[in-house]
1. What is the calculated FRET efficiency for Thr92 to Met42, with r their C-beta to C-beta distance and R₀ = 22 Å, to the nearest 0.05?
2. For His133, what accessible surface area do you get with a 1.4 Å probe? Give it in Å², rounded to 10.
3. Where a ≥ b ≥ c are the square roots of the eigenvalues of the C-alpha gyration tensor, would you call the range 45-105 rounded, which needs a/c under 1.5, or, failing that, prolate if a/b is larger than b/c, or oblate?
4. Could you order Glu203, Glu230, Glu130 by accessible surface area, starting with the largest, using a probe radius of 1.4 Å?
5. Let's test the formula: R0 of 22 Å, r as the Cβ-Cβ distance of Asp228 and Asp142. What FRET efficiency results, to the nearest 0.05?
6. Could you give me the ³J(HN,Hα) list for the range 71-80, computed from phi with Karplus coefficients 6.51, -1.76, 1.60 and θ = phi - 60°, whole Hz, x at Gly and Pro?
7. With every protein chain present, what accessible area does Thr205 have (1.4 Å probe, heavy atoms only), rounded to the nearest 10 Å²?
8. Starting from the residue with the highest accessible area, list Tyr192, Tyr83 in decreasing order, probe 1.4 Å.
Amino acid sequence: MATVVARGRRKNGSRGETKPRSAPTEPPASAAPAYPGDPNFMASLARGLAVIRAFSQSPQSQTIAQLSHKTGIPRAAVRRCLYTLAKLGYVTANDRHFALQPKVLTLGHAYLSSTPLVLSAQPFLDQVNELVHESCSMAILDDEDILYVARSKKTTRIMSVDLRIGSRLPAYCSSMGRVLLAHLAPTELEAYLARVKLRPYTERTVTSREKLAQILDDVRVNGYSIVDQELELGLRSIAVPVKDVHGNVVSAMNVGAQAARVSVREMETRILPHLRAAACDLGSLLVA
């Protein structure tokens with residue numbers, strides 16, 4: 001992980017955003033991985049973590065049946081996971097419904113509070129937010145999704161799903177995801193394209209592996225990605241890579257806006273320079 005050289009930055013400011021018309025269907029949580037024949041792999045721990053992740057982006061409590069459906073884990077095993085999590089204070093039960101407790105935040109706090117990239121990013125996201133008056137975020141690649149690790153947004157959300165730190169979106173149809181995918185090693189990208197399910201979130205979503213591969217080639221050459229209403233109608237976003245001092249892509253930074261308010265051309269001419277400058281300044285603080 002990178003280390004940080006201290007440097008002062010400007011503070012934040014922001015303006016309003018509005019909500020678009022439609023939302024993508026929430027992708028199901030990944031089933032617990034299995035590694036048969038590996039004596040060191042704890043299947044019970046993997047299942048417990050899968051159950052916790054199945055609560056993601058759901059504002060309501062969940063039943064055992066719902067969690068079993070999302071994770072692919074048998075109901076009896078889900079029940080035992082929830083019993084254990086409840087005993088440890090991570091889950092609460094109300095009749096047949098279960099909900100996460102605040103204690104679960106401690107699982108991610110160690111990462112967020114000890115990662116130089118995350119600690120350093122906020123002033124730069126706030127700076128972009130102040131300059132372009134749109135939300136600015138940073139994400140990393142996690143399996144087939146992007147994981148939001150920092151965000152600057154002082155206004156109402158632009159997506160029907162409220163994005164926040166810890167939110168996940170599919171990499172193939174998000175601007176930050178395409179930036180991160182474009183900079184994978186060729187073998188890693190090939191493996192990703194072979195396994196990912198390209199489902200249409202809107203009529204604009206690219207679902208052809210060949211076309212997606214060409215888009216990623218263009219992103220790699222151009223140094224930025226624009227996704228125009230592929231993830232949600234009414235949402236347009238632009239992203240750039242964040243590189244450390246050795247040129248390694250460590251994350252992606254983006255600006256999202258309502259498509260009716262900000263054109264593709266405006267994203268390229270007005271927003272992209274600020275986004276690139278912030279990503280460059282942040283990257284200059286990160287050394288191996």
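The values are calculated or read from the model by the stated rules, or taken from the named source; none is laboratory data. Since the structure is predicted, the reported quantities are computational estimates derived from the model, not experimental observations. Cβ sites come from the backbone with ideal geometry, for glycine too, and all protein chains shown count toward neighbours. Surface accessibility is based on the protein's heavy atoms, side chains included, excluding ligands, DNA and RNA. Shrake-Rupley method; radii C 1.70, N 1.55, O 1.52, S 1.80 Å.
1. Approximately 0.35, to the nearest 0.05.
2. His133 has an accessible surface of roughly 70 Å² with all protein chains in place.
3. Rounded, because the longest to shortest axis ratio a/c is under 1.5.
4. The ordering from most to least exposed comes out as Glu203, Glu130, Glu230.
5. Using R0 = 22 Å, I get an efficiency of 0.35.
6. Values per residue, Gly and Pro as x: 9, x, 8, x, 4, 4, 6, 4, 4, 5 Hz.
7. 10
8. Numbers: Tyr192 5, Tyr83 140 Å².
Per-residue accessible area, sorted high to low, gives Tyr83, Tyr192.
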